[in-house]
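Structure, as structure tokens:
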Amino acid sequence: MITIIGNSVAAIGAIEAIRKVDKRVPITVISKETYVAYGRPVISDFLKGKAKEEKLLSYRRKDFYEKNDIKLILNEEVIDIDVKKKKVLTLSGNEYKYNKLLIATGGVPFIPPFKGKDLKNVYTFTTLDDAKKLLSISKDIKKAVVIGGGLIGLKAAEGLHAQGIKVSIVELMDRILSLAFDKISGSIVENRMTDVGIDIYTEASTEEILDDGKGSVRGIRLKGGREIEGDIVVIAIGVVPNAPFVKKAGIEMNRGILVNDFMETNVKGIFAAGDVAEAKQLLYEQKMLLPIWPDAYKQGRVAGYNMVGKKKIYEGGLAMNSIELFGVSTISAGIHTPQNPEGFEFLIEVDEKKCRYRKIALKDNRVLGFIFVGDIDRAGIFVGLIRDKVDVSPFKDKLLKKDFGFIDLTYDLRQERFWKRFLEVKDVSCINEICPAYTPDYVESDSEVIDGE
């Protein structure tokens, strides 16, 4: 009997792995939300009015749960785990037994202790319900302040702007997208956003969310005294693991739930995957949180296999971010802007007027990271170069070519390392690397290959 807490992409990965091995073991999925699994990365499209709710809920077929014989329990919040009796307890008083348990509860928005954070019209932006709330009030809103210039904040800003709302973004760092991109790529995106009328305040720290005297928002005050007007405030600083019940159960946590190479916690039979899990990273020696959609799928898949006795090792996550803003496509992966650049070599090509930028970070003739803006084709090949730790010296002079591809690799490399990975899956691995959960139904996923199987 397997119980899964959470119903996002890590849970989907686990279900698919389990059912590849065992078609009959009972699986129960418990979710706090009221929806079947949906595409969280595209809730901004819903806010923009470019995606209906049905589209968000359709990344797996409608009969997915029925076809996989899943007992799906929605609108049920888990508050405790009884490790000795092997059961989980919910807020409503229900209990669910398990032999193996997967915690895939994701992350929740981090909200600093701002004065005024509990005022009316203060929102977050990580769930479909968040997007629905903002869309429902959008016609009555003229100005909005988004606190946070990361991926979540920028997508929230784009969605609000599409609804005709004047948006201001407040970012603590010296640039937007500071964790995912470098100064040049960040400035290209920032210039594009200011061109369409979005105000961006960098190196700006929020001191207080201001009260209009009636319990609602009228804007924010920055440290230094400057005020920015807004009818609503969206806090989009980041997410933290959603596991308030874990420590009481004796499950080890650091920033997230600590797991081994099999995605198992210190408590035998209990696994964790996704944004809630702190797991091995490919390019770093320590375990880290990696709240990335495709990585959550891979972790869930590895956990699922191991829960039914098929031993699989998680090879380590790779930091990767892909976002399109106002027609500018971007993707970054790996270590592209190291704190200590000693020993690194950077291949760079930039044309800010055309919103085009390519940066490849090398060390010892191996690709450790890259940033592509405006032209993200063939990004999957570079991800493969990072994962396989390929010596690129024979074709290093070709890496910045716009049409760099398999033909530029050495014959032995094409045959031994990449042929199976990229061609035997009908050329969809580049999609899989960015978002494996969106693999077309008619193509067999290559996640086994990517996960080192």
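Okay, here's what the table says:
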{"item": "Tally, over the range 322-335, of residues that are within 30 Å of GLU285 (Cα to Cα) and part of a strand (DSSP E or B)", "result": "7"}
{"item": "Members of the range 188-202 that are on the phi < 0 side of the Ramachandran plot and either surrounded by 14 or more Cβ atoms within 10 Å (Cβ to Cβ) or touching a strand residue (DSSP E or B) at 6+ places or on another chain (Cβ under 8 Å) (or both)", "result": "ILE188, VAL189, GLU190, ASN191, ARG192, MET193, THR194, ILE198, ASP199, ILE200, TYR201, THR202"}
{"item": "Tally, over the range 242-272, of residues that are in a loop (DSSP other than H, G, I, E, B) and surrounded by fewer than 19 Cβ atoms within 10 Å (Cβ to Cβ)", "result": "13"}
{"item": "Long-range neighbours under 6 Å by Cβ, at least six apart or interchain, first residue farther than 18 Å from VAL350 by Cβ within the range 401-412, second part of a loop (DSSP other than H, G, I, E, B)", "result": "GLY405/ARG378"}
{"item": "Residue count, the range 336-380 (criterion: in contact with a helix residue (DSSP H, G or I) (Cβ under 8 Å, 6 or more places away or on another chain) and in a helix (DSSP H, G or I))", "result": "3"}
{"item": "Count - residues of the range 193-241 that are in a loop (DSSP other than H, G, I, E, B) and β-branched (Val, Ile, Thr)", "result": "4"}
{"item": "Considering residues of the range 67-116 that are small (Gly, Ala, Ser) and part of a loop (DSSP other than H, G, I, E, B) only, the residue surrounded by the most Cβ atoms within 10 Å (Cβ to Cβ)", "result": "ALA104"}
{"item": "Any hit, the range 198-214, residues being of a type in the set (S, T, N, Q), touching a Leu at 6+ places or on another chain (Cβ under 8 Å) and touching a residue at least 60 places away in the same chain (Cβ under 8 Å)", "result": "yes"}
{"item": "Residue in the range 124-137 that is among the aromatic types (Phe, Trp, Tyr), crowded, with 18+ Cβ neighbours inside 10 Å and over 22 Å from PHE372 (Cα atoms) present", "result": "yes"}
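Coordinate-derived values only; no laboratory data. Since this is a predicted model, take the numbers as computed values, not measurements. Ideal geometry is used to build each Cβ from the backbone, glycine not excepted, and the neighbour counts take in all protein chains shown.
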